[in-house]
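Structure first, then comments.
The values are calculated or read from the model by the stated rules, or taken from the named source; none is laboratory data. Since the structure is predicted, the reported quantities are computational estimates derived from the model, not experimental observations. Reconstructed Cβ throughout: ideal geometry from the backbone, glycine too, with neighbour counts over all protein chains shown.
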Protein chains: 2
Amino acid sequence: MHRSVVLSVDAMGGDHGPAIVVEGIEILSDAFRNGGLKVLLHGDEALLKPLLKQHPKAARICELRHTATSVTMSDKPSQAIRKARGSSMWNAIDAVKSGDAHACVSAGNTGALMVLSKILLHMAPNAHRPAIAACWPTMRGVAVVLDVGANVECTATQLVEFAIMGGAFFSANQNVDSPIVGLLNIGTEEMKGNQAVRDADAILRKVKLDLNYTGFVEGDGISKGVVDVVVTDGFTGNIAIKTAEGTAKLAATFLRESLESSLISKIGALLSMGAFRKLRAKMDPRKFNGGVFLGLGGLVVKSHGGTDGLGFSNALKVALNLARSDYAEHVAGNLKKLAEANTQSKLESVSK
Amino acid sequence: MHRSVVLSVDAMGGDHGPAIVVEGIEILSDAFRNGGLKVLLHGDEALLKPLLKQHPKAARICELRHTATSVTMSDKPSQAIRKARGSSMWNAIDAVKSGDAHACVSAGNTGALMVLSKILLHMAPNAHRPAIAACWPTMRGVAVVLDVGANVECTATQLVEFAIMGGAFFSANQNVDSPIVGLLNIGTEEMKGNQAVRDADAILRKVKLDLNYTGFVEGDGISKGVVDVVVTDGFTGNIAIKTAEGTAKLAATFLRESLESSLISKIGALLSMGAFRKLRAKMDPRKFNGGVFLGLGGLVVKSHGGTDGLGFSNALKVALNLARSDYAEHVAGNLKKLAEANTQSKLESVSK
């Protein structure tokens, strides 16, 4: 029996506004007809009421919470802070803080959402920096990569914390026990990589965590699916994920150009239409929507700003999976073990 | 009128040994029938003589230089150093040092080739670290990415040196004047990224170099071809290039699986065969073969170890393009300007 979940949703974020948000809730509610799901919908009621009328299933599970202002996609984090109080984004996060909801979902401005989440929810106990985790299609299904942009530089301990959070997130979202966790590096031998990566590897091998750590993974190992969770700093992770996006687009463009280069291959492409549709579905970015902010004192899921209703429903699904799981307890337990081990080793080095 | 060029080739490197090396020389000599190219071929004459008999065009331009030993693909750099003297790899590099050849080409062990090249050729004047540059297919043709693995961590000055070397290499290899150079970063705004990247950006904007620097480029910008030269540290560059390789393989696998999933799409795929052949040719890794070691006191081109004759001929072509160009003079001029600017700014900061 699943526990019942309340999601707090910022209806005003994203490039396409409340319409895709309400549509996303409608899609999700369709899949969860047996109840146990409630949504607090934060935003302009003048816009939201007519949308809820058009989406009766969404309306049934939504509780409308009017806000007069919202953070825009072009606001810088510093601007967002000034005008944030009482905005749909602020209130959506605040409902998690107050305990009204289990998780917050927003398609709004990433920088603003991160800053406001940190202000309102603070860090989880024993966590030092939040990380953004993203899902990535692989030969074996899906992998989680983190951090993909919150932290430009990371210490070894922070990388280990990301390993803990990423492992728990993968478990919760994919319903897999003890997923395989690896550290992204430029080789798989022990002496490879920078100091932070080598030290993180040593800590992960030494400290007895509830974690299935396997060692280093190289860039081409991500898409191969050699691990479930790929841990890296936010600089490398951001460049890896954007490089992969760019390469996938390049391959698609080259494929299209090649198929359009002769009449016979155009006919072949028509016959293979179904196959191309399957291919597109497999790589569909909407399926991988939902960048999760890990390490905070509450759950916040960031939907891609340019997504549609289906994509937004996937971000909601991620939040639901996290809220229903023992993600928070799992992370808290492991982070405590890590903090104790760090204290211990400091005491040891002092006594030497 | 091109200047005549002597290439010094390690015939014993690579997974497939001397056969692909001699075949590569044959292919290249076919394309350069008008003379002006000579090859010093270092390796075991018992193996090479029969191969040269089978490849008369290669034989015409090759001068065989017998060596009894060679560095193997599995040797660690430290082992390679011990047994290196008199090996085909050592002698191939040494011919550049002695002035017998303009550039060295080897498909051997990357780590060993880098260590021996540094020992024999030292750094170029005013260059601090060597970088490995790789070619990358893009929407607009080809880009050069460096460093892809020689330096795990880089200072701002080292990144600027890589920008200088990468720009000159692109000019020489693609025959393009003032290629566009960018720094790989997680955003295009000035305040994005780590300290080294931000400082390198500031130096590139301030110091008057003979270089067409455009600013930051993101991961997805590489395949888009927004710049010709992508500058980054060896950790990020290695992960970016391997992530791209992995993604391209994933896309190819998904495409094949989709096409094989029904009879009608299989027929479609048969009709589109020519298009798929074009696609494969466009992304053919052999076309992009030739990782160049930049920053040394001589030219060394590393061919992929697993390549074939065509791939090796492309590595030879890269060495030929570099040797024929004013690459060395261009780099020397810019590195001198950079060193003078650095001295100047240190004097300024002292006098403050």
Counting only residues in segment A:266-297 that are within 9 Å of another protein chain (Cβ to nearest Cβ) and in contact with a Leu (Cβ under 7 Å, 6 or more places away or on another chain), the one nearest to A:Ile164 (Cα to Cα) is identified as A:Leu279
Scan segment A:193-218 residue by residue and report those that are at the interface with chain B (Cβ under 7 Å from one of its Cβ atoms) and at pLDDT 95 or above. A:Glu218
Only one of these conditions is not met by B:His55: (1) of a type outside the set (Phe, Trp, Tyr); (2) surrounded by fewer than 19 Cβ atoms within 10 Å (Cβ to Cβ); (3) more than 20 Å from the chain's Cα centre (by Cα). Which number is it? (2)
What residue, of B:Phe254, B:Phe216, B:Phe235, is closer than 23 Å to B:Ala168 by Cβ and in the same structural domain as B:Asp177 (by TED's automatic domain parsing)? B:Phe216
Counting only residues that are touching a strand residue (DSSP E or B) at 6+ places or on another chain (Cβ under 6 Å) and crowded, with 24+ Cβ neighbours inside 10 Å, how many does segment A:165-196 have? 10
Would segment B:125-145 turn up any residue that is on the phi > 0 side of the Ramachandran plot and touching a Lys or Arg at 6+ places or on another chain (Cβ under 8 Å)? yes
Could you please find all residues in segment A:152-164 being surrounded by fewer than 24 Cβ atoms within 10 Å (Cβ to Cβ) and within 14 Å of chain B (Cβ to nearest Cβ)? A:Val152, A:Glu153, A:Thr155
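Could you run through segment B:83-94 and say how many residues are within 13 Å of B:Gly298 (Cβ to Cβ) and buried (at least 24 other Cβ atoms within 10 Å of the Cβ)?
Total meeting the criteria: 2.
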Yes or no: segment B:67-75 includes at least one residue that is in contact with a helix residue (DSSP H, G or I) (Cβ under 7 Å, 6 or more places away or on another chain), in contact (Cβ under 8 Å) with a residue 40 or more places away in the chain and either part of a helix (DSSP H, G or I) or closer than 30 Å to B:Lys224 by Cα (or both). no
Checking A:Ser265 against (1) assigned to a loop (DSSP other than H, G, I, E, B); (2) small (Gly, Ala, Ser); (3) over 16 Å from the mean Cα position of the chain (by Cα), only one condition comes out false. Which one? (1)
Among the listed residues A:Leu250, A:Leu263, identify the single one that is facing chain B (nearest Cβ under 8 Å) and of a type in the set (A, V, I, L, M, F, W, C). A:Leu250
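Looking at A:Gly86, A:Gly108, which is the one that is closer than 25 Å to A:Leu51 by Cβ and without any contact (Cβ under 8 Å) to a residue 40 or more places away in the chain?
That would be A:Gly86, the only listed residue that is closer than 25 Å to A:Leu51 by Cβ and without any contact (Cβ under 8 Å) to a residue 40 or more places away in the chain.
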Which listed residue, of A:Leu322, A:Leu279, A:Leu271, is under 30 Å from A:Gln158 (Cβ atoms) and either of a type in the set (S, T, N, Q) or in contact with a helix residue (DSSP H, G or I) (Cβ under 7 Å, 6 or more places away or on another chain) (or both): A:Leu322
Hits in segment A:103-140 (condition: at pLDDT below 90 and either under 22 Å from A:Asn342 (Cβ atoms) or surrounded by fewer than 19 Cβ atoms within 10 Å (Cβ to Cβ) (or both)): A:Gly111
Return the residues of segment A:266-297 that are of a type in the set (Gly, Ala, Ser) and surrounded by fewer than 23 Cβ atoms within 10 Å (Cβ to Cβ); say none if nothing qualifies. A:Ala269, A:Gly274, A:Ala281, A:Gly297
